[in-house]
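**Q** Before anything else, here's the structure in question.
The values are calculated or read from the model by the stated rules, or taken from the named source; none is laboratory data. If you're wondering where the values come from, they're calculated on a predicted model, not measured in any experiment. Here the Cβ positions follow ideal geometry from the backbone for every residue, glycine too, while neighbour counts run over all protein chains shown.
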């Protein structure tokens, strides 16, 4: 049965952009774009409700009119058409690809390219657009991941890389390095809280009220809540340890407030709260599978040095501990079966290659601009450092002031250099993803079967958006672009119906993924068929 096309109405906005102030002064580019788009609107019966004009480079995310347009479309849901001259007038940096993907109620008309991206677009259009969004999002996520990696490296040095908990403060060590120190104003209260709770005669609420009367206040000057104390009593930060992003530091650089004996007594009272563990083994699905009952992450365990199981720690006491054991082989088989259906024809592969080239150019523009801004800032700081030193030598600047500003500028310069390094690593990840996509398109199934644990994890996190498990039910959701790929493959099969047919996949019974779980119980074949039936459009 043919899917009913979505009606986007006749209201529209226009977005016109030139890449510099100089082009705007030329007086031809924006007016020419607006004239073209207005003629298109008249011809196709669209009512223009607002025109957004921009004279800023699209290489820089955060354009004023672009953001105003997104806000307008969000606040005026009846306006569902966006008219733009061509792709590079609208989105040339990666953040824009990701931002626009959230506006699925809007049809984007690329007038000169004679293309409309919407729910009504062909599977081919959606797939290519989805690949662009996927690669853009991956690049942005990699930049964030590089920041997290830097924080994890800091954690491995024994320094907690986030906001200090109550009883401690974030401070500067005098050399531009951030450290954790004891908050003398509140540390005594926190020690007393642990001691009182360890006796077994005081509840968290009792302690909350008692210490408030004695003068304890939060860093914002408010009463410390019962919930905060409950978190404090479970936090091994107070015995000189911490866990950050899966890494557990046993010997942190900050000073312990509580002795381990007192802390362990409290943990026994709390019925032994489970703690995060680290592993030397690489698990392909670590952090990717959730319990369908409580929502907790399933933790991997290595049994007999060769069998891997994932289980829920039952954080919310919903009885899911016993029935949440999942053999890794079951996940391998389910994902391999899904990938088996991804047979890419040469025509699709050629389009993917063209798409990758286009997004590669956008990535280069984005990175070139970002690197240029960072280098400009580094050069400015270096000039300040050199000038300040000369002034210190000439006696113009006080030595204490010079020492303070010099450390500050060097710390900022170091962070900017780190940003350049993170950009470079994200760039490497971009090329790794591009190569992976090409290999994936050529033979996804074989690539997965022969891949290392790291490669399997890479493929899984790229293709699959959500995995849940409970009581023998393994439920898998793909990112939208890969459901679209299944549609595209089906359309290609129809074109070559004379060839030997492949195993069919039933798409007739569609469900809205927002309204229910993807339940894929039973055999691998049935699970894959059900999963691909329950697909969503881009």
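**Q** Could you list, in sequence order, all residues of region 413-427 that are farther than 14 Å from residue 370 by Cβ and in contact (Cβ under 8 Å) with a residue 40 or more places away in the chain?
**A** 414
**Q** Within region 325-347, track down each residue that is in contact (Cβ under 8 Å) with a residue 40 or more places away in the chain and farther than 29 Å from residue 288 by Cα. So that I can check it myself, show each step before the final result.
**A** From region 325-347, those in contact (Cβ under 8 Å) with a residue 40 or more places away in the chain are 326, 328, 330-345, 347; that's our starting set.
Selection gives 345, 347.
**Q** Please tell me if residue 258 is within 19 Å of residue 162 (Cβ to Cβ) and at pLDDT 85 or above.
**A** no
**Q** Hey, another quick one. Pick from region 108-131 the residues that are more than 28 Å from residue 342 (Cβ to Cβ) and in contact (Cβ under 8 Å) with a residue 60 or more places away in the chain: which of them is surrounded by the fewest Cβ atoms within 10 Å (Cβ to Cβ)? Step through it out loud before you land on a result.
**A** Step one: filter region 108-131 for residues more than 28 Å from residue 342 (Cβ to Cβ), giving 109, 111-112, 114.
From what is left, the residues that are in contact (Cβ under 8 Å) with a residue 60 or more places away in the chain are 109, 111-112.
Numbers: 109: 24, 111: 20, 112: 14.
Going through the qualifying residues, I end up with 112.
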